[in-house]
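Each reported figure results from applying straightforward, stated rules to the coordinates on display, with no laboratory input. Fair warning: this is a prediction, and the values are worked out from it, not measured in the lab. Counting neighbours? That spans all protein chains shown, and the Cβs are built from the backbone with ideal geometry, glycine included.
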Amino acid sequence: MWRFAPAGDRALLVTIGIAIDPALLGQVLALDRSLRERPPRGILGTAPAYASLLCRFDPTVTDAAQLEADLRPLEGNLDAAIPTGPVVDVPTRYDGPDLGEVAGATGLTPEGVIEAHAGREYLVYCIGFAPGFTYCGRLADELVVPRRSSPRLRVPAGSVAIAAHQTGIYAVASPGGWNLIGHTNLSLFDAGATPPVRFKPGDRIRFVPDR
Amino acid sequence: MIEVVDPGRYTTIQDRGRPGFERFGIPPGGVADWFAAAVANRLVGNAADASLIECTATGPSLRFERDATIAITGGDCPEAGLPGWRTEQVDAGSIVRFGPLTSGLRSYIAIRGGIDVPVVLGSRSLCAAGAFGGGFGRPLQAGDRLGVGGLLESPVLEETWPGSHRLPTRGPWEIHVIAGPHRDAFEPSALHRLTATACRVTPALDRVGVRLDTPGLHLDAAEVLTTPVTAGAIQVTPSGGLIALLADHPTTGGYPVIATVTTADLPLLAQARPGDTVRFREATLAEASRAHRRLIGWLDLDA
């Protein structure tokens, strides 16, 4: 059951679910598509994440209750299939400063970490946090480690990182608390490009060890 | 042109920001105190989307190569030698030293015509996280030169902006919030306990957000699945502290948001200084909407 909650006086947060799950992402993207193609009155924009969608609105035209009434009938009535595209290779040098620590924490060798990380396809769940940051899942259970207890003030652009059941790519240099296991030279963010980011939710990627 | 002689503490070019790019991880950005900035543009007759200069704690020193019509709003900067909240003429060749702010945290310097820097992704605002916009992709530095644009809309206002139509620039602050959106991540009395607590602004603040301590109160927060967040969102961190987000906030967050500052009171959050006391007050959506409409009405003022 979708849940609706005001996020301040100019936005409504639609929570589709509370798990990292392709079926929930499918619903988020379907709702996002529907609202962009047939925007209800007063809606200014949307922003998707794993299993939720933020809808910004013009409070002089509509309100949270009206928008909720506009959206409720869509539940269960959208095609929630994620459009399939080609799997994109992300060439990755597995030389991150936390590779050894992750190996220690998981009981794997560094080679084992690389094999487990590169050995599967990932779904892009969200572009968020910082410009172009690409959240992907799900990570193999054997690679699950918590965020670092103290975040780094500056993580270099292109860092490939893991935390809990997620793996991600820092598109620009930013602070960050994830475990850095590698690095890609693939450019993921360019303010002058349209769109400015390489990936979008629903894309499929694979990390390819670059030795 | 206007030359930056000294940039001050943290001085940037801002306009109303770039909402709509959150899906690319790009913060909405734009002026932190939307009301003071709107008054500054209004005073000099600029279009509402004209870009201006936002300064923080200590203002810049600027050399004006040509005569200019400017207005200063937000926090007071008495060393500038120009009264705030009214239009002033600056002569060609003069240097204005804005100096330290004696109230509030941010001041706005609007120049008739707006600051002419390229629009990137829909806005002239600096996006510090992405190192683009704002003319230089970074805060202003000594030696930067700024052009003046032609974003005019109306004649200058000749009167001083009335004190009755300004927001406070000094604490203690009373800041209204709407509950949620993650109210369910907390026990039922959590928001009530928060609004009963005198929170304290810590020195850890910037355009991304403001960290606040909650003396005598520890809120237990369950981590939530990463969701989109908005300016004004009050996140509760695992240590029990608060982060109230401002314009340059990350587009998504995994800390639960107990409440969200109303649009009308976001300017107060943007002006709070380290050490200030903040009391949050729960408001209904109807109250928030009335407060917002009141400020919009002030901006329509025919002074």
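What the table below lists for this structure:
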read-out	value
Computed magnitude of the charge dipole of chain A (debye, nearest 20; Cβ of K, R +1, Cβ of D, E -1)	320 debye
Convex hull projection area averaged over all views, the stretch B:87-128, Cα basis, nm²	4.9 nm²
Degrees between helix A:22-37 axis and first principal axis of chain A (Cα, 0 to 90, nearest 10)	50 degrees
Cα shape, the stretch B:37-172, gyration tensor, a/c 1.5 rule	rounded
Average beta-carbon neighbours from other chains, 10 Å sphere, peptide B:115-121	1
Relative exposure of A:84, B:263, B:58, judged by other C-beta atoms within 10 Å (fewest first)	A:84, B:58, B:263
On Cα atoms only, tilt of B:285-299 relative to the major axis of chain B in degrees	10 degrees
Dimensions (Å) - the stretch B:206-260, Cα atoms, principal axes, largest first	29, 25, 15
Charge dipole magnitude, Cβ of K and R +1, D and E -1 - the protein assembly as shown, Cα centre, debye nearest 20	120 debye
Max mean-square fluctuation residue, GNM over chain B, Cα-Cα springs under 10 Å, options B:120, B:257, B:224	B:224
Burial ordering of B:109, B:175, A:43, fewest other beta-carbon atoms within 10 Å first	A:43, B:175, B:109
Length-normalised contact order of chain B in % [C-alpha pairs under 8 Å, at least 6 apart]	21 percent
Stokes-Einstein translational diffusion, the stretch A:40-118 - Kirkwood Rh over all Cα pairs, 1.002 mPa s, 20 °C, in µm²/s	124 µm²/s
Three semi-axes of the equivalent ellipsoid, the stretch A:1-72, Cα gyration tensor, whole Å, largest first	20, 12, 9
Alpha-carbon Debye profile of the stretch A:130-196, log10 I(q)/I(0) at 0.22, 0.25 Å⁻¹	-0.90, -1.08
Fewest-first sequence of B:269, A:53, A:78, A:71 by Cβ atoms within 10 Å of each Cβ	A:78, A:71, A:53, B:269
Relative contact order of the stretch A:97-206, pairs being alpha-carbon contacts under 8 Å that are 6 or more residues apart, as %	30 percent
Positive-end residue, the protein assembly as shown charge dipole about Cα centroid, Cβ charges, pick of B:140, A:25, A:42	B:140
Equivalent ellipsoid dimensions for the protein assembly as shown as semi-axes, Å, which come from the Cα gyration tensor, largest first	39, 26, 22
Between 0 and 90°, nearest 10: helix B:34-43 axis offset from chain B longest Cα axis	20 degrees
Other protein chain Cβ atoms within 10 Å, averaged over every residue that makes up A:29-39	0
Considering only the protein assembly as shown, percent of DSSP beta bridges that pair antiparallel, nearest 5	90 percent
